[in-house]
Every structure is written in C-alpha cells, then in structure tokens.
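Notes to accompany the following structure.
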Amino acid sequence: FRAHSGPVAPSETDDHEFAKNYLKKLYNMEEDNTPSFGRKVNEMSLKLGEMQEFFGLKVTGTLDAETMEMMKKPRCGVPDVAA
Amino acid sequence: LKARALTYKWTTNSLTYRIENYTPDMSVAEVDDSIQRALQVWARVTPLKFKRIYSGIADIMISFVVGDHRDGSPFDGPNGFLAHAFFPGVGIGGDAHFDDDETFSFRSTRGYNLFLVAAHEFGHSLGLEHSNVPGALMYPTYSYTNPDTFVLPRDDVKRIQALYGSNRDKPVNPDKPEPTPPVNPDACDPNLALDAVTTLRGEKLFFKNRFFWRIHPQLTETDQYLIKFFWPELPDNIDAAFENPSTDLVYIIKGQKVWALSGYDVVQRLSLSSFGLPDTVKKIDAAVYDVDTEKALFFLGKSYYSYDVNGKVMDRGFPKPVEQSFPGMTTKVTAAFQENGNTYLFSGPDVFQYNSGRLVNVLKSNSFLRC
C-alpha cells in the first residue's frame, strides 16, 4: 500500500537512525566504528534483507515505506535472530 | 535463522514464578490473573507446572520497569518495545520485564493486553525464539486477539512440545476434546471458501478468518497477514469488502458495521444503512463496486441490492434475484470483486466470472492465490 498515514513525515535521517538501532538490537547488526562506508551500507542492506525475509516483506535490502511501517509496530524486545 | 546451535530449556517441568511489582494501569488482582492465565497457556499443552512464590528467587521473576533497568536492554518509552524476557537459565534466565511506560489492560482493547504480552514473553522464558508464522503467539509484533477466546496456535504448540513434550497427565476427553489449535488457512486448499475479496490500489486482498492474502501485480509470491496487522481496529471473519476506486476508499463490512479504509487508515465508520440498505438487513454476504455503472452491489442470499453511489440512493426495484442479472448464478454469493471489466462472484470454493452480464468462465477461488 502507498501509505500516507501520520501527520508529519519523519525525516529520512530519523528513519535511517531508527532502522539502524532496530537492526542492531534485533538482528545483530554490528556496531561498526571503522570508517569504511561501503561495507557499512552493505551490512545494513543485508540485515534489512534478513528482517524483510523474516516478516514476509518484499526483500529489497532497502528501507522502503513498508519496511519502515513494520519497524514502527509495537513489539517484543527480544531479537528475532539468535545472538 | 537456520543456524541455531543452541536450544534453551528448563531441566525441570516444575517451575516457580514471582511477581516482584505491579503496574498502576491495572488492579493487583487483574495483574495476578493475567500472569497466571498467561502461564497456563503453556502449561495446558506441556507437562510444565508453575508455582507462585512470594519471596526469594523464582525461576521466572516478573517485573514492571522503565527505561534503563540495568540488564543491557533498556526500554524505549511508550510503544516500540513492550516487554522482553530471557531464555531459561540461572540468574536472569527466564525473567520477564514489562515496559511500564506502556499502558497495559486487562480485558479492553485499550493499550496493550497484559495477558497477550505476558503469554508471548513467557514463551521466551521457556526457551522459544520468535516465529515468523503470521498469527503465531511468538510472532514478534503485538496484535490484539480476544483473550477470552484465545487458543494457542498450532505453530506455538508444535514448538513448545518439541522442547517439553505434550501434557501427558491430561488425557483428551473424547466427548469434550480440547479446542484444536487454530491453523492458518491454506491458500491452496481446493475447498477454500473466502469470507470476502476486494481490490486495493491495484492489489487484490482475499480475506479468510483473521487473515488475508495479498496479491500484488508485480510480486510473484502470495503473502498472508493478520487483518489486525494492518488494521488493528477491524474484526476477524468479515462478511464483505469492496473498493470504490474513484474515492480511493475500501469498505470492510461485518454485520451492520462498515469501516472505510484509506490505505492503512480507518477514515470513516458507517453502517449498512449508509448505503441505503433497509434496517431489516442485519448482515450481507458479499459486495462489489461496479466501476461502469458506479453502483455498489450488495449480495444477500440469492438476491442483491444496487446502490447508486453518486445519487446516494438505492436503485428502484431492488432487491432482485442475482440470477436475473447474472444468469447461471444459482447459489449464494459469498464474495465478489471486479477487475478489468470482469465481475467475479464467489460461491464457496467456486468463482463465476461475468463479462457484460455473461458468464464466461467458472474457476476455483484459490486459482487467484497462485497455487
């Protein structure tokens, strides 16, 4: 669905930060301090793909609206993948 | 997901639990009852027994905390993470923490039902990981289900019994068997009879029980979701659904109640009488919007009504026999939708395809679900 709910669309950086924390907490995305941007993006895309597959979403590896909608749902704080 | 090396489980079937503190949202008795019933969900299908203790260290320590509560997993304020629990083990193992920045409730749909949240967390306390089966109790996201009629779904029963075995000392009374765990409806069941079908912005939604399948023109797979996953307010087991593309609204109907959806949002709450149906009509079987005539058709038994959406008036001469306008349609219409000039009338597992009022094909309802 092309969702247009919600009064103010959060900024993209907010969504990106939110998604990053979500994947760190629930999909074991590593905290990465070395400034190699290329690798970081890859890992996030991989983890996004893992999360999309888990929830039966279209596996795009990108932060699309549907994936963001799923991340915003109230849920359990236990990770979806084994640590 | 597939490389799980460890399984966590308790080495004894007799476990203790202790409620360390309470949320101000509910009375002490309501919290006690919710926690006890949540544990019984698992006890009912395994040999596990739960004994409450009021002091000292229990296997499952239960507490309501906020923010950072020094276990390495801070809570995040209202919504977001509702609770978490630790897998079986000593110390914090088995413990369940509930985010008291949430509003927990006992019976109402207000806030988050503590029984449902607790039953899920105790699944972790007993060693279960999350499940990706929609509708499973161990599915990661919260979804309201009537706690009074809650039955542990089959996926959860299967997984907990894989850890602890079944509840041997409660033989099944053949006269009064346990309610069988609900199973997700199977899209490829040849006898699949759908509750309702509608289009939605180019997609097709097929409703059955508390689920719906979503068919996207550009996607190859058929995805199943809980209705409440997208629309928490909507009921299960709906009667009918139709889309009016010119207003970008989808109407979901159950009994005399009608919900108008715009994407994810419920934007109106109506009743059948809003569509000119007499008050004597308490329930309908199917509905479809005819984009050519701009009329909404409502099917009831073997007859149907035609409502002029623009004129906001029921057409004269209705209800009429369905067969009069759709020759060959002699059985009850149970679902309907229209696409590319074809009107599809579902009757149980069969679908009658009409084009310009002529029956052009008879299909199986699951032929749309890419079996």
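Scan segment B:223-248 residue by residue and report those that are touching a Ser or Thr at 6+ places or on another chain (Cβ under 8 Å) and at pLDDT below 95.
Those that are touching a Ser or Thr at 6+ places or on another chain (Cβ under 8 Å) and at pLDDT below 95: B:Leu226, B:Lys228, B:Phe229, B:Pro232, B:Pro245, B:Asp248.
Could you please find all residues in segment B:21-31 being of a type outside the set (Val, Ile, Thr) and surrounded by 13 or more Cβ atoms within 10 Å (Cβ to Cβ)?
B:Tyr22, B:Asp25, B:Met26, B:Glu30
When segment B:268-286 is examined, which residues are found to be part of a loop (DSSP other than H, G, I, E, B) and exposed (fewer than 13 other Cβ atoms within 10 Å of the Cβ)?
B:Pro278, B:Asp279, B:Thr280, B:Lys282, B:Lys283
Quick test of your reading of the structure: B:Ser166 fulfils all but one of (1) within 13 Å of chain A (Cβ to nearest Cβ); (2) over 27 Å from B:Leu234 (Cβ atoms); (3) part of a loop (DSSP other than H, G, I, E, B). Name the failing condition by number.
Of the numbered conditions (1) within 13 Å of chain A (Cβ to nearest Cβ); (2) over 27 Å from B:Leu234 (Cβ atoms); (3) part of a loop (DSSP other than H, G, I, E, B), the odd one out for B:Ser166 is (1).
Given the condition away from chain A (no Cβ under 12 Å), among the aromatic types (Phe, Trp, Tyr) and either in contact (Cβ under 8 Å) with a residue 24 or more places away in the chain or surrounded by fewer than 15 Cβ atoms within 10 Å (Cβ to Cβ) (or both), answer yes or no: does some residue in segment B:217-236 qualify?
There is no residue in segment B:217-236 that is away from chain A (no Cβ under 12 Å), among the aromatic types (Phe, Trp, Tyr) and either in contact (Cβ under 8 Å) with a residue 24 or more places away in the chain or surrounded by fewer than 15 Cβ atoms within 10 Å (Cβ to Cβ) (or both).
Of everything in segment B:148-162, what is in a loop (DSSP other than H, G, I, E, B), within 19 Å of B:Asn237 (Cβ to Cβ) and more than 12 Å from the chain's Cα centre (by Cα)? Give them in sequence order.
Result: B:Val151, single match.
For segment B:346-366, check the following and say yes or no: at least one residue is in a strand (DSSP E or B) and within 28 Å of B:Glu233 (Cα to Cα). Before you say what the answer is, go through the steps one by one.
Just the residues of segment B:346-366 that are in a strand (DSSP E or B), to begin with: B:346-347, B:350-355, B:358-364.
Pick out the ones that are also within 28 Å of B:Glu233 (Cα to Cα) and you get B:346-347.
Yes.
What pairs come out if I take residues in segment B:67-95 that are within 10 Å of chain A (Cβ to nearest Cβ) and pair them with residues that are among the basic types (Lys, Arg) and surrounded by 13 or more Cβ atoms within 10 Å (Cβ to Cβ) whose C-beta lies under 7 Å away, six or more apart or interchain?
Filtered contacts from segment B:67-95: B:Phe81/A:Arg75; B:Leu82/A:Arg75.
Only residues that are within 14 Å of chain A (Cβ to nearest Cβ) and of a type in the set (A, V, I, L, M, F, W, C): list them for segment B:261-276, please.
B:Leu261, B:Val266, B:Val267
Quick check on segment B:203-216: of everything there that is in contact with a Pro (Cβ under 9 Å, 6 or more places away or on another chain) and outside any strand (DSSP E or B), which residue is farthest from the other protein chains (Cβ to nearest Cβ)?
Across segment B:203-216, the extreme among qualifying residues is B:Asn209.
Go through segment B:117-147 residue by residue and tally those that are within 10 Å of chain A (Cβ to nearest Cβ), under 13 Å from the mean Cα position of the chain (by Cα) and among the hydrophobic types (A, V, I, L, M, F, W, C).
Matching residues across segment B:117-147 total 1.
May I ask you to list pairs of residues, at least six apart or on different chains, whose Cβ atoms are under 9 Å apart, with the first in segment B:243-265 being farther than 24 Å from A:Lys72 by Cα and assigned to a loop (DSSP other than H, G, I, E, B) and the second being at pLDDT 95 or above and aromatic (Phe, Trp, Tyr)?
B:Pro245/B:Tyr289; B:Ser246/B:Tyr289
Are any residues in segment A:70-83 more than 7 Å from every other protein chain (Cβ to nearest Cβ) and either surrounded by fewer than 17 Cβ atoms within 10 Å (Cβ to Cβ) or assigned to a loop (DSSP other than H, G, I, E, B) (or both), and if so, which ones? Please lay out each step first, then the result.
Within segment A:70-83, the first condition is being more than 7 Å from every other protein chain (Cβ to nearest Cβ), and the residues that meet it are A:70-72, A:79, A:83.
Hits for segment A:70-83 are A:Lys72, A:Pro79, A:Ala83.
May I ask you to list pairs of residues, at least six apart or on different chains, whose Cβ atoms are under 9 Å apart, with the first in segment B:306-328 being over 18 Å from B:Glu243 (Cα atoms) and the second being modelled with pLDDT under 90 and polar (S, T, N, Q)?
Cβ pairs passing all conditions: none.
The values are calculated or read from the model by the stated rules, or taken from the named source; none is laboratory data. What you are looking at is a predicted structure, and each value in this text was computed from that prediction instead of being measured. All Cβ positions, even for glycine, are placed from backbone atoms using ideal geometry, and neighbour counts span all protein chains on display.
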